[in-house]
Structure formats: structure tokens, C-alpha cells
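The values are calculated or read from the model by the stated rules, or taken from the named source; none is laboratory data. A quick note: this is a predicted structure, and the numbers were derived from the prediction, not measured. Neighbour counts are summed over all protein chains in view; Cβ atoms, including those assigned to glycine, are modelled from backbone coordinates with ideal geometry.
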Amino acid sequence: MATATDTIALYDSLPYIDTPPTDSELESIHKQITSELSADHKTTPHPRLPPLVEPNFRPATQAELDRIAAGKPWVGGIDVSRYELAAEASRSALVAAYASAAHVEARLANLTLLNEFGKNSWLVHNSQLEALLKGLEEKLMELKTECEVVNKERKGVQVDAQPELAALEERWKGGIGKVLEVEAGAEAVRQEILKRRREKAEVTDS
């Protein structure tokens with residue numbers, strides 16, 4: 001570890017050896033930090049943040065998002081009236097029956113395709129998700145290990161520096177005490193000089 005005679009080390013935060021601040025100290029710190037912040041710090045992004053990626057939605061998706069943002073009601077979709085049996089017209093009943101039959105036929109075709117190809121697609125998709133999850137878990141473990149190493153090194157440096165910091169603090173306190181003693185002694189000498197001047201002046205006047 002580098003000493004004060006080798007290099008100058010700055011320790012802005014010593015969480016492993018410093019005592020926790022009191023509530024009044026935390027309040028004072030919060031006020032000092034708030035006074036340094038701009039009025040729009042909660043709404044303006046930090047200049048070091050990367051720019052936001054502009055979304056590129058499909059036209060249909062963008063139209064739906066615009067509708068939701070505008071608060072407009074949902075319209076369109078499947079006309080369910082064609083599936084209802086119209087009592088007053090046989091043609092309407094025939095159209096509704098045809099639409100129902102076409103819907104059932106399309107659904108059957110979709111179910112057939114799903115039964116034939118869906119299993120493999122599902123297995124491939126799950127395999128891809130598992131590979132992605134495994135990669136993320138490995139990356140997370142690497143980051144956790146790096147954090148543990150950094151925190152361990154940080155703690156070791158601070159613990160090693162604690163005796164030196166304590167000694168420097170004691171020297172600082174001793175220096176302050178000596179300065180106060182010198183000032184008190186100088187004030188006493190000044191008062192003694194003033195006292196003797198007054199006494200001399202009184203003797204001269206008498």
C-alpha cells in the first residue's frame with residue numbers, strides 16, 4: 001500500500017471503516033446536494049447517457065399505439081353478426097352458416113399445421129431460450145464475481161489505510177489543540193500587557 005510519502009491517495013468513501021452518519025448529517029448532506037442540482041434534473045437526462053433508440057414499429061402496430069395514446073375506442077375486428085342466425089331472412093342465415101363453416105375449416109387447417117409442425121417449432125424455440133438464459137446466467141455470474149473481487153480489494157485497501165488515517169486525524173486534532181493553546185496564551189499575554197499599561201497610566205496620572 002502506498003503511504004503519504006509515496007503518493008497521495010484520495011478516499012471519498014470509506015464504508016468499511018467510517019461510522020454511519022446521523023439523521024441530521026444526512027439531512028444536511030441532502031440539502032447540500034439538492035442545492036447543487038439544476039431545477040430540471042428530474043426531467044432532463046444526464047449528458048453521459050446514450051441517446052434513446054428510436055422505435056421502428058410496423059404501420060399497424062404504430063396505428064394501434066397512436067389510437068391508445070389518443071384515448072380513442074377500439075373499432076373493427078371480426079364482424080360477429082355474420083355468425084348470428086337472422087330470423088327474418090334465409091339469405092342472411094345462409095351467409096352466416098357459410099361464414100361459420102369457413103371459420104371452422106380454417107381453424108381445422110391451423111390445428112392440423114400446428115399438430116404437424118408446432119412441436120418441433122416449440123422445441124427449437126425452447127432450446128433457443130435455454131441457450132439465451134444460460135448465456136445470461138454465465139454473464140451474471142461473471143459480473144457478480146467481478147463485483148466481489150472489487151469490493152474485497154476496496155475493503156482491504158480501506159482497512160489497511162485505517163491506521164494511517166487514524167494517526168493523521170490524531171495529528172490534526174493535536175495540531176488544532178496546539179493552535180488553540182497558542183491563541184489562548186497570546187490572548188492572556190495581551191490582556192496582561194493591557195493591564196500593566198492601565199496600571200502605569202494610573203500611576204502617572206496620580
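On the given criteria, is A161 touching a residue at least 12 places away in the same chain (Cβ under 8 Å) and small (G, A, S)? Taking the combined requirement at face value, the residue satisfies it.
Residue-by-condition table, conditions (1) basic (K, R); (2) surrounded by 10 or more Cβ atoms within 10 Å (Cβ to Cβ); (3) at pLDDT 90 or above; (4) over 33 Å from the mean Cα position of the chain (by Cα):
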{"residue": "N115", "(1), (2), (3), (4)": "no, no, no, yes"}
{"residue": "S121", "(1), (2), (3), (4)": "no, yes, no, yes"}
{"residue": "E130", "(1), (2), (3), (4)": "no, yes, yes, no"}
{"residue": "K139", "(1), (2), (3), (4)": "yes, yes, yes, no"}
{"residue": "Q158", "(1), (2), (3), (4)": "no, yes, no, no"}
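Among the numbered conditions (1) touching a Lys or Arg at 6+ places or on another chain (Cβ under 8 Å); (2) at pLDDT below 75, the only one that S90 does not meet is (1).
Residue count for segment 22-39 under the criterion of being surrounded by 10 or more Cβ atoms within 10 Å (Cβ to Cβ) and of a type in the set (V, I, T): the result is 1. Inspection of segment 169-191 identifies no residue that is surrounded by 10 or more Cβ atoms within 10 Å (Cβ to Cβ), free of Cβ contacts under 8 Å to residues at least 12 places away in the same chain, hydrophobic (A, V, I, L, M, F, W, C) and closer than 20 Å to Y16 by Cβ. G71 meets the conditions (1) modelled with pLDDT of 85 or more; (2) on the phi < 0 side of the Ramachandran plot in every case but one. The failed one is (2). Taken over segment 48-67, the criterion of being assigned to a loop (DSSP other than H, G, I, E, B) and surrounded by 10 or more Cβ atoms within 10 Å (Cβ to Cβ) is satisfied by F57 alone.
Taking the conditions (1) at pLDDT below 85; (2) of a type outside the set (D, E); (3) under 30 Å from K155 (Cβ atoms) in turn, H30 satisfies each one other than (1).
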